[in-house]
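Any read-out appearing in this document is the output of simple, stated calculations on the displayed coordinates, not a laboratory observation. Every value quoted in this text rests on a predicted model; they were computed, and no experiment measured them. FYI the Cβ positions are ideal-geometry reconstructions off the backbone, even for glycines, and counts take in every protein chain you see.
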Amino acid sequence: MSNEKVMKKAKEIIKNHPIGVLATVESNAPHIRYMAFYCEDSEGFTLYSATKKNTEKVEEIEENGHTSILLGYTGKGLNDEYIEVKGQCRISEDEEIKKKIWQDSFSRWFEGPEDPNYVILAITPQTIRFLNNDHQQTEEVTL
């Protein structure tokens, strides 16, 4: 599968199933949690997720930016297509990205896109694995 097709298919899965699992590294062990992910078409292929600045995940990412994300599985059956994204994560306080990602539902946790405690996790994928891909074998693409 070409990189262009991979990105298009992965973006479609993310758009249709934005809630996924984010794994970070905590004391040399996996630490996972559910997060909402966004992928802006104009940004190439970077995954974004909003979080508070003073969280464990921010500390973990600052120490070790390696991450793994699972997206797309709906739990409706064993044949649900989903993706695993492995990549590098960084903390972004870029005002433009914060405004693009902002959702009204975030007002539960933040005063607005200018809130200094509102930061973005920016994940640059290194590999994407497609699983349960129309009953085909797992497909992995390195970006």
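Loop-located GluC sites (Glu not before Pro) in the stretch 4-58 (DSSP state not H, G, I, E or B) with no more than 16 neighbouring Cβ atoms inside 10 Å: Glu40. Rounded to the nearest 500, the 222 nm mean residue ellipticity of the chain from helices alone is -6000 deg cm²/dmol, with -39,500 (n - 2.57) taken per DSSP H run of at least 4 residues. Per residue, the average separation of C-alpha pairs within less than 8 Å and at least 6 apart gives the chain a relative contact order of 25 percent.
In the chain, the longest principal axis of the Cα atoms and the axis of helix 3-16 are about 60 degrees apart. Just want the answer: with Cβ charges of +1 for Lys and Arg and -1 for Asp and Glu, which residue in Ile101, His31, Thr74 is farthest toward the dipole's positive end in the chain? Highest projection toward the positive end goes to Thr74.
Computed over the chain, the percent of Cα pairs more than 20 Å apart is 47.
Charged side chains reduced to their Cβ positions (Lys and Arg at +1, Asp and Glu at -1) give the chain a dipole of some 360 debye around its Cα centre. Cross-link partners among lysines for Lys99, C-alpha distance below 24 Å, same-chain residues fewer than 8 apart left out? Reachable lysines: Lys8, Lys11, Lys15, Lys52, Lys53, Lys57.
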